[in-house]
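All remarks here apply to the structure that follows.
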Amino acid sequence: MELVQMQKSLQDYTKSLFLEGVLDSQFLQLQQLQDESNPDFVSQVVTLFFQDSDRILNDLSLSLDQQVVDFKKVDPHVHQLKGSSSSIGAQRVKNACVVFRTFCEQQNVEGCHRCLQQVKQEYYLVKNRLETLFKLEQQIVASGGVIPAMELGF
Amino acid sequence: MAEVMLPMKMEMANAPSKFKSPDLLHVLAVDDSHVDRKFIERLLKVSSCKVTVVDSATRALQYLGLDVNEKPVGVKDLKVNLIMTDYSMPGMTGYELLKKIKESSAFRDVPVVVMSSENILPRIDRCLEEGAEDFLLKPVKLSDVRRIRDSLMKAEDLSFTKSVNKRELETENVYSLDSTVPSQQLKRTKI
């Protein structure tokens, strides 16, 4: 595939993620902080997000599977995940966490289980999308090209 | 002696911040979130600050030499111009850290900015009452960091100018002080 085509594909792909609400403007902030001196900044932060999230989702599953659910343990985990997803612009994960926290406040175990499923779904979605995005970027760089800057006029 | 003073005065009038490298603002950032630590570190570096990042309030106190259980670590040489701390952290919160810093004689004048993902007014009030310079909603914006940095650099410049003017007053005064310089310039600016 030609370099120009790859760059267009990347732009279109990124655009679709914003239009679907998978990512929000915070992700653009991250991209703006990346430059020649820190060319891997975005992928580094996102990798940390994946590591943190995998751990948190695991802990949440364990906590919610207990005979007696300790909401004092559950809520801080959701709060953490809400924070980190917000920091990288993973909008749908963040929104799912907001709903999750209201069920925690109500101490609604059934509701929390449903929320955990929802959060997991959104997380795996954004993880998949971002991994694809990074692959597209790598292909461009490997072909000697530059990753095009995101245009905000859509 | 007077000849030496005049060029220096002119220099001061035209000089940009005294913070040309290596005299960068040194910021201590405190956050238990891995993602947020990486993010705030980058925001600060892009804003030409020197950054030290720690993952807990306890470690921040250790770094500052305020932890009673540890020996102070070279406190005399440590220059921190700004502390930015997350509010919600396990163990000691950012609010508790703020209080400890304001209680210390060594660091009570260091501006402390509190960050939180939650827009809770009583929380914000509590922090400001305890002496926080500012309260930022997460995710923190580059414009927030720049605004704070600019205010700090202005304030530091003014206190530097104040000490220079003081020296001028104390030396033999052959050239009279520029009377057009308003005295308000010597007051410390609130962010």
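The values are calculated or read from the model by the stated rules, or taken from the named source; none is laboratory data. Because the structure is predicted, anything quoted here is derived from the model rather than measured. FYI the Cβ positions are ideal-geometry reconstructions off the backbone, even for glycines, and counts take in every protein chain you see.
For the stretch A:67-98, a residue qualifies if it is surrounded by fewer than 18 Cβ atoms within 10 Å (Cβ to Cβ) and touching a Gly at 6+ places or on another chain (Cβ under 9 Å), but none of them does.
Among the residues making up the stretch A:1-57, a single one is surrounded by fewer than 13 Cβ atoms within 10 Å (Cβ to Cβ) and β-branched (Val, Ile, Thr): A:Val4. Being more than 27 Å from A:Gly145 (Cα to Cα) and not polar (S, T, N, Q) is a description that applies to A:Ile56. In the set (1) modelled with pLDDT under 95; (2) buried (at least 18 other Cβ atoms within 10 Å of the Cβ); (3) closer than 25 Å to A:Leu33 by Cα, the condition left unmet by B:Asp23 is number (2).
Figure legend. Inter-residue proximity from the stretch B:102-114: first residues part of a strand (DSSP E or B), second residues polar (S, T, N, Q) and surrounded by 15 or more Cβ atoms within 10 Å (Cβ to Cβ), beta-carbon distance below 7 Å, spacing 6+ or different chains. Indicated pairs: B:Val112/B:Thr85; B:Val114/B:Thr85. Close contacts from the stretch A:47-74, counting a first residue that is within 11 Å of chain B (Cβ to nearest Cβ) and a second that is assigned to a loop (DSSP other than H, G, I, E, B) and modelled with pLDDT of 95 or more, with Cβ to Cβ under 8 Å and a gap of 6+ residues or different chains, come to A:Phe49/A:Ala90; A:Asp52/B:Ser33. From the list A:Gln91, A:Gln121, A:Gln80, A:Gln106, the lone residue that is within 14 Å of chain B (Cβ to nearest Cβ), polar (S, T, N, Q), over 15 Å from A:Arg55 (Cα atoms) and out of contact with any Phe, Trp or Tyr (no Cβ under 6 Å at 6 or more places or on another chain) is A:Gln91. Any residue that is within 30 Å of A:Phe27 (Cα to Cα), crowded, with 20+ Cβ neighbours inside 10 Å, touching a residue at least 24 places away in the same chain (Cβ under 8 Å) and of a type in the set (Lys, Arg) - is there at least one of those in the stretch B:127-148? Within the stretch B:127-148 (the criterion being within 30 Å of A:Phe27 (Cα to Cα), crowded, with 20+ Cβ neighbours inside 10 Å, touching a residue at least 24 places away in the same chain (Cβ under 8 Å) and of a type in the set (Lys, Arg)), the answer is yes, since at least one residue qualifies.
Residue-level check: of (1) within 29 Å of A:Gln11 (Cβ to Cβ); (2) of a type outside the set (S, T, N, Q); (3) crowded, with 18+ Cβ neighbours inside 10 Å, A:Cys104 misses just (1).
All of B:Ile120, B:Ile148 fail the test of being of a type in the set (Val, Ile, Thr) and touching an Asp or Glu at 6+ places or on another chain (Cβ under 7 Å), apart from B:Ile148.
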